[in-house]
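**Student:** Pasting a structure here, questions to come.
What follows draws every value from the coordinates through simple rules; no lab data is involved. Please read all numbers here as calculations on a predicted model, not as lab measurements. Counting neighbours? That spans all protein chains shown, and the Cβs are built from the backbone with ideal geometry, glycine included.
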Amino acid sequence: MKVTYRWLKEFVDFSETPDELAELLTEAGLEVEEVTPLVQPFSGIIVGKVEQVQKHPNADKLSVCQVRTDKGTFQVICGAPNVKEGQFVPFAAVGAELPIGMKIKRAKIRGVESLGMICSKEELGLETHSEGIWAFDRELPLGKDVYELLEADQDWVFDIAVTPNRGDCLSVYGIAREVAALTGNKLKPLNSEVEESLETKIDEIVKIHIHDPEGCPRYAARVIRDVKISPSPDWMQRKLEAVGLRPINNIVDITNYVLVELGHPLHAFDLRQIEGSEIHVRSSEAGDRFVTLDDKERLLPENTVMICDAAKPVAIGGIMGGQNSEVSGQTKDVLLESAYFKPERIAMSSKKLGLSTDASQRFERGADPENVIRALNRAAALMAELAGAKIAKGICDVYPSPLKEKEIPFKADKINRLLGTRFSEELIKEKLTSIQLKVNEGKVIVPTFRHDLSIAEDLAEEVARLVNYSNLPAKDFTTIFYDMPQSDHEKRIQYLRTELLALGLQEIFCQSMVKYEEAEPFAESAPIRIKNPVSDDMACMRPSLFSGMLKAVSYNLNRNNRDLRFFEIGRIFTSFDRENIPTQPYAVAAVITGRRDLPNWNVPEEFVDFYDIKGYLETFLQKLFLDNYKIILYDNARYMAAGESVAVRIDDEIVGVCGRLNPEVCGIFDIERAVYGFELNVDQLQKYMIFDRQFQPIPKFPYSERDIAFLLDEDILAADVVEYVRKNGGSLLKSVEIFDVYQGENIPEGKRSLGLRLRYQSTERTLSDQEVDKYFQQIINKTTKHFSASLRK
Amino acid sequence: MNTIIDKIRSEFHREANAIKDLKDLEPLRVKFLGRKGLLSTSFDRISELPKEQRPLFGKALNELKKELENEYQNLIKQFKAKEEQKRKLDLTLPGRRPFIGGKHPLLIVADEIKDIFRSLGFSIEDGPEIENDFFNFEALNIPKTHPARDMQDTLYVTDDILLRTHTSPVQIRVMQRQKPPIQMIAPGRVYRRDTPDASHSPFFHQVEGLVVDEGITFADLKGIIQAFAHRMFGEDVKVRFRPSFFPFTEPSAEYDFSCVFCKGRGCRVCKNTGWMEISGAGMVHPNVFKAAGIDPETYTGYAFGMGIDRIAMIKYNINDIRIFFENDVRFLNQF
């Protein structure tokens, strides 16, 4: 909402400067976003007198002028056709800077010297386009500062962010009411006297019927005859322009002017177009269509309040008029409407129509039903004054059941209890009455313009903001230090994070809304779509952290950041039945790509592969203290590369996958490199994480190790051999590690050598070589037999 | 007899002088001092000498042995030192550096905010990002036709299921399952239908705060925000409360911190106002209490919000919110 400083002063006398007023309003909840002077201040432009005008010897359209100031006479080349001897003009000498940012320099124009410039209003930033120089309409002292001349008329535009509850402040008068309360001055009454110069009574001209009193509780009109459509006067155009409205003609401008001044929307119909001179207010039915005055045909939402004549609709009530009845250059007689519409109905229709107007914004926030007549009269009076119109006698005012003022029980202690204050009843009363609330016999009576006040808490806010929030007490917590424990969930997430950071992975924080194509490959059935996405780039919720993380990988690769090790913890969005909110478990994922080691002068350049990500996964899982997890071969995740993917299984539940991301899926993200990753479902995983671990004593006795290389069929899986050995190796066998895998020279075709290192250890004694050898030999024999293996020599 | 001693000594010296490398020292030791070396065999030959010469010769041999062993040890030292000099490291070459991870800056700030509120006695709660209309709007006193719905352009999944526009639904979920006293924050991601630019992202991060008990007042709210401001940005930060409007609080407030860049004097960052807008707060609206099943006659409470992204931007002097979600490693490595 834009208002000007001087316009406010028409309704309340106050002495605050524009900046002081802005602060006062902001601290009272009317946030002033910007205060701009209507005339941008400038300096160095002085009054000069044109002493002589001669034709430029070398240019037809230029003249050589002699301009006298208090400092002497200057020769100036001027291109304006309207420059004349004897004029008093704004003069910019060499060195002066114009408000539009131009610095005046000594110049030679077509061979003749020019020592300054005679300014136009445009060059002084006073209008957007000037035809010639600005000649003052009177004699002025030479050398007088031009800005000082203007300053007396300077005005300031306040751009105020009015919160949705304060519909009453969408007008100059409404804000003036606040200013009056905040500065302790009186609000002047609005002049709404009308001279009814016609003998004809309105009732003899028009009839009004409200068929939808719920949607339109009050409808009033005046008839205005013999209007002369013309541009409105300068002062009105300037005020409208200052608050951001474009002047059109006197009738439209007057309705807009009253809208800004009083906050009450009006509509002017061309009376000739109103068939039967009848107005019927009714609600629309399904399928009704209507052409609004912006020439658009609109499908009307059912139950929209429509203003109709005897035959047809002529306006969408409270939102926009119709093309069929708008005021035009030929209009002679006007039916001027002033009504009150129910906020919820206007909000509903405006939203469904996708049509928000100055009128609808005010009605949906709640106009004042008591302003209906005031606004009507104010506009009629202006039409008589500015459009030479004659006004029919009387007002047609249909208001079947007048809206009552609300009453709130007055409880000073409740207000104090909420604010933590000890305000006296008198102070509270004083504050409430300053904004025109009435306090009577334990009740607060709320005027009809304050739709937002209905409970004691609302009154508490009014008192608080009028006292100023800065003056309310604050408790001192600065010396209080608790140590609230973390929740279990928080603890687990932080634990996972710490471990991943310890693995040298970089935490990233990715988008959760992604393109359909970026979500689809990761979704079990279909990804969750957003009905009204910001753009196609953010059309779906990520079914996997990989969706966002691969975007981050792609972003970095495109910028030549090529060695990436990322992890993320966040929600993913999985199954959804459309009835209940979807399951949105936390997941943890890592992705790696690029070189295995940071480039260095003595480290060979190698790139990460499957075993790197598997190593990260194994190390990570080891720190999660899971019992009984297994890494199994897994080709069911289509976003993982076939033959390079495994899964983590606990009991019979798959809790995550690990391996190479499917190159085709990477292609969707424009990634050509191999990317490896794992993702685990934290919600599933955390059931199995055991934090209450018991200490295991460190073995007191030394271990013995034995190495053996089996020659096996190449399709026997290493994990199967290790597991067999572990299970059958006896109780002293503590661990089995693969230390070598070899195929090639000296190994028969179709075979593979698998080198195992077996570690034996007892908790009770040092094992003898003979004893270890015995167990070792036994397991070698069993294994060779079980897998039809031989020993590699 | 002495000729044998001299012969061995001079032969040792001759051969020792010829040695160029540490590895040739071992054969020298074997030849002279080894188990079957020249000295050992000479000892063996003592018996061949006349009895009276034997002690003298033995003594001489022992002295020679000590002398040569000494010289041998010196040679080893000399050669090792030479070797060492030859293999000297160029310590100016860069070391082999491991990959190192780091926390995301936004989450560093989130941790800091959580720690501050834990120090003020708040618990940390969590709630879903895809919510019901009820939790996101209805229960927060924002009915379907309420103009405030326009303030937060919402992303919908179905007519009734949406991406939460604020972390306030967590308030309702907590109040439904826990009786007062309640003192909680709920950090998390929220969504709005905004076109991304330097100061807008369609998803961003909030911390919701809620305190409910008997006798909670606006003075508690002011005090907690003040304490937070001090712990987050330092003791000299001032807090300003201004009236505002939210359907779920009454009275409602916006709160600002004095600009941390210019200390409130006015600069480009704070658009010369001296203040940085932080977020909204207020006393819980009785309708919200009713929707959550708490008696507004017995209990009062306050709620507040704050933007994690906004606080991180202030803290690190970042002027484009999008940089957080690009995850460029050249950005992330700075934290």
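**Student:** Calculate, for A:HIS489 and A:SER790, the FRET efficiency according to 1/(1 + (r/R0)^6) with r their C-beta to C-beta distance and R0 51 Å; round to the nearest 0.05.
**Tutor:** That pair, A:HIS489 with A:SER790, gives E of 0.40.
**Student:** Explain nothing, just the number: dipole magnitude of the protein assembly as shown about its Cα centre with +1 on each Lys and Arg Cβ and -1 on each Asp and Glu Cβ, in debye rounded to the nearest 20.
**Tutor:** Values: 148 positive and 171 negative charges, 949 e Å.
Its charge dipole is roughly 4560 debye.
**Student:** Given an 8 Å cut-off on Cα distances and at least 6 residues of separation, report the relative contact order of chain A as a percent.
**Tutor:** On the way: 1523 pairs, mean separation 64.0, N = 793.
For chain A, the relative contact order is 8 percent.
**Student:** Two decimals is fine: what's Rg over Rh for region B:202-294, C-alpha atoms, Kirkwood radius as Rh?
**Tutor:** Here Rg/Rh amounts to 1.03.
**Student:** Also: What are the residues whose amide H is under 5 Å from the amide H of B:HIS205, where those residues sit 5 or more places off or on another chain and H is modelled from the backbone?
**Tutor:** So B:HIS205 has HN proximity to B:VAL190, B:ILE308, B:ASP309.
**Student:** Here is a further query. Nearest 20 debye, what's the magnitude of the dipole of region A:286-363 about its Cα centre given +1 on Lys and Arg Cβ and -1 on Asp and Glu Cβ?
**Tutor:** I would put it at about 240 debye.
**Student:** I would also like to ask the following. For the protein assembly as shown, which cysteines have no disulfide-compatible partner, meaning no other cysteine Cβ under 4.7 Å?
**Tutor:** Singleton cysteines: A:CYS65, A:CYS78, A:CYS119, A:CYS169, A:CYS216, A:CYS308, A:CYS396, A:CYS510, A:CYS540, A:CYS658, A:CYS666.
**Student:** Could you pull the Cα extents of region B:2-86 along its three principal axes, largest to smallest, in whole Å?
**Tutor:** Per principal axis, max minus min of the Cα coordinates gives 52, 18, 17 Å.
**Student:** Can you give me the long-range amide H partners of A:VAL3? Hydrogens built in the peptide plane at 1.01 Å from N, cutoff under 5 Å, separation of 5 or more residues or another chain.
**Tutor:** A:PHE158, A:ILE160
**Student:** Could you tell me the center-to-center distance, by alpha carbons, between region B:180-226 and region A:632-663 in angstrom?
**Tutor:** So the separation of the two Cα centres works out to 40 Å.
**Student:** For region A:25-73, take N as its residue count and report Rg(C-alpha) divided by 2.2 N^0.38 Å.
**Tutor:** Details: Rg = 21.8 Å, N = 49, 2.2 N^0.38 = 9.7 Å.
The reported ratio for this selection is 2.26.
**Student:** With unit charges on the beta carbons (Lys and Arg positive, Asp and Glu negative) and the dipole taken about the Cα centre of chain B, which residue among B:VAL207, B:HIS285, B:ILE318 sits farthest to the positive side?
**Tutor:** My answer, from the dipole projection, is B:ILE318.
**Student:** Sequence gap at least 6, Cα distance under 8 Å: using those rules, report the relative contact order of region A:45-151 to the nearest whole percent.
**Tutor:** 30 percent
**Student:** Oh, and also: Quick one: which residues, 5+ away or cross-chain, put their amide H under 5 Å from the amide H of A:VAL327? H built at 1.01 Å from N.
**Tutor:** When sequence neighbours closer than 5 places are left aside, the close amide H contacts are A:ASP270.
**Student:** Using Cα positions and a limit of under 24 Å, work out the lysines in reach of A:LYS390, with same-chain residues fewer than 8 apart set aside.
**Tutor:** A:LYS201, A:LYS207, A:LYS228, A:LYS332
**Student:** If you don't mind, there's one more thing I want to ask. Between region A:579-630 and region B:245-301, what is the C-alpha centre distance in whole Å?
**Tutor:** 43 Å
**Student:** Cross-link list A:LYS411/A:LYS431; A:LYS687/B:LYS290; A:LYS351/A:LYS431: which exceed 25 angstrom alpha carbon to alpha carbon?
**Tutor:** A:LYS687/B:LYS290; A:LYS351/A:LYS431
**Student:** Something else about it: Give the cross-link partners of A:LYS71 among the lysines, using a straight C-alpha distance below 18 Å as the criterion and excluding same-chain residues fewer than 8 apart.
**Tutor:** Straight-distance partners of A:LYS71: A:LYS49, A:LYS105, A:LYS144.
**Student:** Ratio of alpha-carbon Rg to the 2.2 N^0.38 Å globular estimate for region A:434-560, to two decimals, please.
**Tutor:** Here the answer is 1.93, to two decimals.
**Student:** Translational diffusion coefficient, Stokes-Einstein: compute it for region B:105-332 using the Kirkwood radius over C-alpha pairs as Rh, at 4 °C and 1.567 mPa s, and state it as an integer in µm² s⁻¹.
**Tutor:** In µm²/s, the coefficient rounds to 72.
**Student:** Looking at the calculated P(r) for region A:713-772, what percent of the C-alpha pair distances fall above 19 Å? Walk me through the numbers before you get to the answer.
**Tutor:** Details: 751 of 1770 pairs.
Percentage above 19 Å: 42.
**Student:** Once you put a point 7 Å from the Cα of A:ALA718 and another 7 Å from the Cα of A:ARG422, both along the Cβ direction, what distance in nm separates them?
**Tutor:** For A:ALA718 paired with A:ARG422, the spin-label model returns 7.9 nm.
**Student:** Kindly express, to the nearest 10 degrees and within the range 0 to 90, the angle between helix A:343-353's C-alpha long axis and the longest C-alpha principal axis of chain A.
**Tutor:** Helix A:343-353 sits at roughly 70 degrees to that axis.
**Student:** Shifting gears a bit: Against the longest principal axis of chain A, how steep is helix A:172-183, in degrees 0 to 90 to the nearest 10, with axes from Cα atoms?
**Tutor:** Between the helix axis and the principal axis of chain A, the angle is about 80 degrees.
**Student:** With contacts defined as alpha carbon pairs under 8 Å and 6 or more residues apart, what's the relative contact order of region A:704-791 in percent?
**Tutor:** Computed value for region A:704-791: 43 percent relative contact order.
**Student:** Also, I was wondering about something else. What are the ³J(HN,Hα) couplings of region A:596-609, residue after residue, when phi is run through the Karplus curve with 6.51, -1.76, 1.60 and θ = phi - 60°? Round to Hz, x for glycine and proline.
**Tutor:** 6, 10, 4, x, 8, 5, 10, 10, x, 7, 10, 10, 5, 9
**Student:** Quote the Stokes-Einstein diffusion coefficient, in whole µm² s⁻¹, for the protein assembly as shown, based on the Kirkwood radius over alpha carbon pairs, a temperature of 25 °C and a viscosity of 0.890 mPa s.
**Tutor:** Rounded, D is 65 µm²/s.
**Student:** Another question, if that's okay. Between the alpha-carbon centers of region A:754-793 and region A:314-352, tell me the distance in whole angstrom.
**Tutor:** 96 Å
**Student:** Here's another thing I want to ask about it. What is the log10 of I(q)/I(0) for region A:83-213, computed with the Debye formula using one identical point scatterer on each Cα and no solvent, at q = 0.12, 0.16, 0.20 Å⁻¹?
**Tutor:** -0.81, -0.97, -1.19
**Student:** Let me spell out the model: positive unit charges on the Cβ of Lys and Arg, negative unit charges on the Cβ of Asp and Glu, origin at the Cα centre of region A:704-791. What dipole size does that give, in debye rounded to 20?
**Tutor:** 380 debye
**Student:** Among A:TYR775, A:GLN743, A:GLY755, whose Cα lies farthest out toward the positive end of the dipole of region A:704-791, if unit charges sit on the beta carbon of Lys, Arg (+1) and Asp, Glu (-1)?
**Tutor:** Working it through, the farthest residue towards the positive pole turns out to be A:TYR775.
**Student:** Along the charge dipole of region A:488-685, pointing to its positive end and built from +1/-1 on Cβ of Lys, Arg, Asp and Glu, which listed residue (A:GLY656, A:ALA642, A:MET513) has its Cα farthest out?
**Tutor:** A:MET513
**Student:** Also: Ordered by residue, what ³J(HN,Hα) values in Hz, to whole numbers, does region A:368-379 give under the Karplus form 6.51 cos²θ - 1.76 cosθ + 1.60, where θ = phi - 60° and Gly and Pro are x?
**Tutor:** Values, residue by residue: 9, x, 6, 7, 3, 6, 4, 5, 4, 5, 4, 5 Hz.
**Student:** Restricting the count to DSSP beta bridges whose residues both fall in chain A, what percent are antiparallel, rounded to a multiple of 5?
**Tutor:** That works out to approximately 95 percent antiparallel.
**Student:** Read phi for every residue in region A:217-230 and hand back ³J(HN,Hα) as whole Hz from Karplus 6.51 cos²θ - 1.76 cosθ + 1.60, θ = phi - 60°, with x for Gly and Pro.
**Tutor:** x, 9, 9, 10, 8, 10, 10, 10, 10, 6, 6, 10, 6, 7
**Student:** Using the Cα atoms of region A:540-693, I'd like the radius of gyration and the largest Cα-Cα distance, Dmax, both in angstrom.
**Tutor:** In order Rg, Dmax, the Cα atoms of region A:540-693 give 16.2, 60 Å.
**Student:** If the chain between A:GLN154 and A:GLN40 were fully stretched, how many nm would it gain, using 0.36 nm times the residue separation less the Cα-Cα distance?
**Tutor:** On the way: separation 114, 0.36 × 114 = 41.04 nm, distance 0.92 nm.
That works out to 40.1 nm of additional length.
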